[in-house]
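Student: Following this message is one structure expressed as structure tokens.
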Amino acid sequence: MASQQLASSAQETAGQQAASQPNPSPTSTTVSAPWESEIPMPVAATISAEQLHKVEASTQQIGRDLWSHLDRRQPSVFERRWWLDHILTWAMQDESVKVQMFRFVDVLPMLKTSESVARHLQEYFEEVSEHLPSAVRLGLEVSEPDSLLGRALAVNARTNARKMAERFIAGSKTDEIFQSVTKLRKQGLAFTLDLLGEAVVSEAEAEAYQQAYLKLIEELAPRVQAWPVDDLLDQDHAGHIPVCQVSLKLSALYSRFKPIDPEGSAAGVKARLRPIFRAARDHDAYVHIDMEHYAYKELTLRIFKEILLEEEFRDWSNCGIVIQAYLLEAEQDLLGLLQWAQYRGTPVAVRLVKGAYWDYETVISEYRGWPCPVYREKWQSDASFEQLTRVLMQHWELLRPQIASHNLRSLTHAIAWAEELHVPRNAWEIQMLHGMADEQQHLFSQLGHRVRIYAPFGEFLPGMAYLVRRLLENTSNDSFLRHAYERDADIGELLQMPG
């Protein structure tokens, strides 16, 4: 039912887009790709009602079994993580407090003095003071920004914010990053590293972004390759998996990355991406291309497909790309990747995510009068995620599934389809964010699933913008992470079918 509703919704919106002005996100020049003329466009396989019912029953059973295990895996009061979890729980119980807390964390890196920190604390939390614990409210009320108490509050706020950042960010220097990924390894978890930062505005910044990845690969790969082999993390159905894995954004490799200039943008990006691919190939590392805003999607897909058809990279399989399930075009994009992979003849990985820019996409499309590229309702994105999960599992040999989610329903649904379609357990993996829902990560790993942690690296305080976006995204009312902190969460609600 959800799939039918989803298809109807997508068709309706597609009709609206066709009738409206063209969305400016696709590249301005249509390029005829060789695989489009030689390989028929795949279509999603039809699934019987009986099979859908069977998978749904498995999803429910697996989910309830996992939830019963999670209830016994909460952190101890003696762990620092317990205290941070409870701070997040407290904030999540009140939307106004949560927003103000994360707004403060976001602006904190720009505050240079204790006085300015104390003043912002008062300004941000004054309007939600009635929702704060009495001790916190009293401290804010009696402390002047330039007083001794005010300075003490500021120092404490900055210290706690940094501790929070350290939980979610792997480090800024190679040694710090190595320590973080070593800890993950000891816990039975794999990793992929992503450099924090805002959009590049100069060629010098784009060059620095490239050099940061080259340095990381050259310095980190030899160190992690010295680890003893872990069959769960280092082997899949086809053999060896690189231990050192990185994720990057194409727009950060070229300061004039513009969809309106696809040829120039592609040339600029490829010039900096090729050395990264070569370094990864030479040092046995893996490179994943992240997706960004919708406006960059077509150009990102084009560059990814074109560069991997170049002779030196055509048989290289240690690479992948992201598909965002909240996009109306997601299934078509995934089938297009399948068509291209059939032509190329070498598998790639596909990281399936819900998408992290929903607010931005909806606001921008409304403001500019463009058709909205994302599903309007959360259940539609969830249903799309499940539909794309099934497609990935059906074509796991060419499109290696990487299911990136903290949502219990989404993950158990993926497990159910993998079992139904007899996908080898080591042929696909679960991905989660660094510092988020550690108990879930460890549980899936101990049950024999390869779990890879998406870990940002870079300077802690400048990385706060990333931190805030992730926290807001993963502490929403319907998030698995939120419910993981709540002892009385309704498992039936968590496992409810979208729609």
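Any read-out appearing in this document is the output of simple, stated calculations on the displayed coordinates, not a laboratory observation. This structure is a prediction, so every number in the text was calculated from the model and none was measured. A quick note on method: Cβ atoms are made from the backbone with ideal geometry, for glycine too, and the neighbour counts reach across all protein chains shown.
Student: Checking the a/c ratio against 1.5 first, then a/b against b/c, what shape does the Cα gyration tensor give for segment 177-277? Display every interim value, and only then the final one.
Tutor: Values: a/c = 2.82, a/b = 2.12, b/c = 1.33.
Prolate, since a/c reaches 1.5 and a/b exceeds b/c.
Student: Let me ask something additional. Could you state the principal axis extents of the C-alpha atoms in segment 200-246, from the largest down, to the nearest angstrom?
Tutor: For segment 200-246, the Cα spread along each principal axis is 43, 21, 11 Å.
Student: What FRET efficiency, computed as 1/(1 + (r/R0)^6) with R0 = 60 Å and r the Cβ-Cβ distance, is obtained for SER317 and GLU123, rounded to the nearest 0.05?
Tutor: Values: r = 52 Å, r/R0 = 0.87.
Efficiency computed from Cβ-Cβ geometry: 0.70.
Student: Order of 246-255, 300-309, 157-166 by packing, highest average Cβ count within 10 Å first?
Tutor: Working: 246-255: 22.3, 300-309: 20.1, 157-166: 16.2.
With the highest mean Cβ count within 10 Å placed first, the list reads 246-255, 300-309, 157-166.
Student: For an R0 of 22 angstrom, estimate the FRET efficiency from the Cβ-Cβ distance between ALA238 and PHE178 and round to the nearest 0.05.
Tutor: The value I calculate is 0.20.
Student: Something else now. What is the dipole size for segment 148-290, taken about its Cα centre, with +1 at each Lys and Arg Cβ and -1 at each Asp and Glu Cβ, in debye to the nearest 20?
Tutor: 560
Student: Something else: When the chain is fully extended, how far beyond the present Cα-Cα distance does ASP261 get from ASP65, taking 0.36 nm per residue of separation?
Tutor: Between ASP261 and ASP65, full extension yields 65.4 nm more.
Student: Grab the beta carbon distance between SER37 and GLU310, set R0 = 22 Å, and tell me the FRET efficiency rounded to 0.05.
Tutor: On the way: r = 19 Å, r/R0 = 0.87.
For R0 = 22 Å, the calculated efficiency reads 0.70.
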